[in-house]
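Scroll down for the structure; my scribbles are underneath it.
The values are calculated or read from the model by the stated rules, or taken from the named source; none is laboratory data. Note that the structure is a prediction, hence the values are computed from the model and not measured. With ideal geometry, Cβ positions are generated from the backbone for all residues, glycine too; neighbour counts draw on all protein chains shown.
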Amino acid sequence: MFGAPTAAIKQFYLQFGVEIDTGEHEPDDHIGLIFCFIAHLCEMALQQDIADDQPSPLLCALEKFLSEHVLSWAPRMLHIMRDEATTDFYKGMSLAAEGTLRQLAQLTKADYRIVRLYR
């Protein structure tokens, strides 16, 4: 925890003027904070004025963020979360998060895959 992957995500956040300070001790690569950052990038992309035939630099950044920092582990973690959940709330949250990542991967052409972790 708080190793090189966390530092890399923090650096990515800083490129877009985002500094995380929740007052707690969550790592910058906490799944909830990652989704907040993704929402921030999407909101910025919607406000961006670019020609229709040009790729959005922010969507390109989102693809890079997903590919390099999220999709290598989050789909599997969410799959495990769904399988191990003992309440409908957490099953539903995992399904909603998985669906969101699938849609974002499709939108940005990032490679969505479930990589086998330690289980």
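Annotations
- Residue in segment 42-49 that is in contact (Cβ under 8 Å) with a residue 12 or more places away in the chain, of a type in the set (D, E) and under 22 Å from Q103 (Cα atoms) present: no
- Residue that is modelled with pLDDT under 95 and farther than 20 Å from I114 by Cβ, where the choices are A39, A51: A51
- Filtering V70, V115 for residues that are in contact with a helix residue (DSSP H, G or I) (Cβ under 7 Å, 6 or more places away or on another chain), within 21 Å of K10 (Cα to Cα) and not polar (S, T, N, Q) leaves a single hit, V70.
- Members of segment 96-119 found to be surrounded by 15 or more Cβ atoms within 10 Å (Cβ to Cβ) and not in a loop (DSSP other than H, G, I, E, B), listed by number: A97, E98, L101, L104, A105, T108
- Taking each residue of segment 84-111 that is in contact (Cβ under 8 Å) with a residue 60 or more places away in the chain and looking for partners that are in a loop (DSSP other than H, G, I, E, B) with beta-carbon atoms closer than 8 Å, six or more apart or interchain, yields L104/A110.
- Matching entry among I80, I38, I20 (being part of a loop (DSSP other than H, G, I, E, B) and either touching a residue at least 24 places away in the same chain (Cβ under 8 Å) or surrounded by 11 or more Cβ atoms within 10 Å (Cβ to Cβ) (or both)): I20
- Selection count, segment 24-35, where residues are in a helix (DSSP H, G or I) and at pLDDT below 90: 0
- Scanning segment 3-17 for residues that are under 16 Å from S72 (Cβ atoms) and in a loop (DSSP other than H, G, I, E, B) turns up just one, G3.
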